[in-house]
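The block underneath contains the structure these notes are about, expressed in structure tokens.
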Amino acid sequence: MPAALIVTAQPALAAAGTYYCDSYSDYPIMVNQNGSGGYAVERLTVSNTSSASIHTLNISENTLNAVGISPVDNKAYGIVPSGSNPNPLLIRFDNDEYQYVAEVDSKATQGTFDVHGDFIYGEGSGVYRVRRPDLLTGYASSGDGGIS
């Protein structure tokens, strides 16, 4: 009996890199709206409270909050509004791209990682956790059905 194997796959996406840790691990990093629809990513110099521009992060959402860098994969993560999903989304980003990683339970104003690589975030109503986002697939679209 003849048989055929049909393989389907989504287009490959380049993964967000470790740009911030590779290039700026000696400095705290600040991400702020720049007033032009993007976010200024800057390195801070603690000794004299100055900052220097790294680059501008342009994302289609107009809000990025709760930014942290994972100690496991050395990549930056943050929370953006939902787009076409009912809940806000966790994104993984570097200097030239971002990927949608997971739906989260709440919008957030603070975010960090614990030593195990879990993303901890919160705002006035509680504290939440996304376990090991480094193990989650990143998607190019906020409406992708694989985001959970």
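When +1 charges are put on Lys and Arg Cβ atoms and -1 charges on Asp and Glu Cβ atoms, the dipole computed for segment 75-136 relative to its Cα centre reaches about 140 debye.
You can think of it this way: the chain between residue 34 and residue 141 has 36.2 nm of extra reach, that is 0.36 nm per residue less the Cα-Cα gap. Under 5 Å between amide hydrogens, built in the peptide plane, is the criterion, and for residue 111 it picks out 66, 67 among residues at least 5 positions away or on other chains. For segment 116-127, the Karplus equation 6.51 cos²θ - 1.76 cosθ + 1.60, evaluated at θ = phi - 60°, returns couplings of 8, x, 7, 7, 10, 9, x, 8, x, 9, x, 10 Hz by residue, with Gly and Pro reported as x. In this structure, the amide hydrogen of residue 104, modeled 1.01 Å from its nitrogen in the peptide plane, lies closer than 5 angstrom to those of 89, 90, counting only residues at least 5 positions away or on a different chain.
FYI, it's all coordinate maths here, none of it is from the lab. Values in this document were obtained by computation on a predicted structure and should not be read as measured data. Positions of Cβ are backbone-derived with ideal geometry, glycine not excepted, and every protein chain shown enters the neighbour counts.
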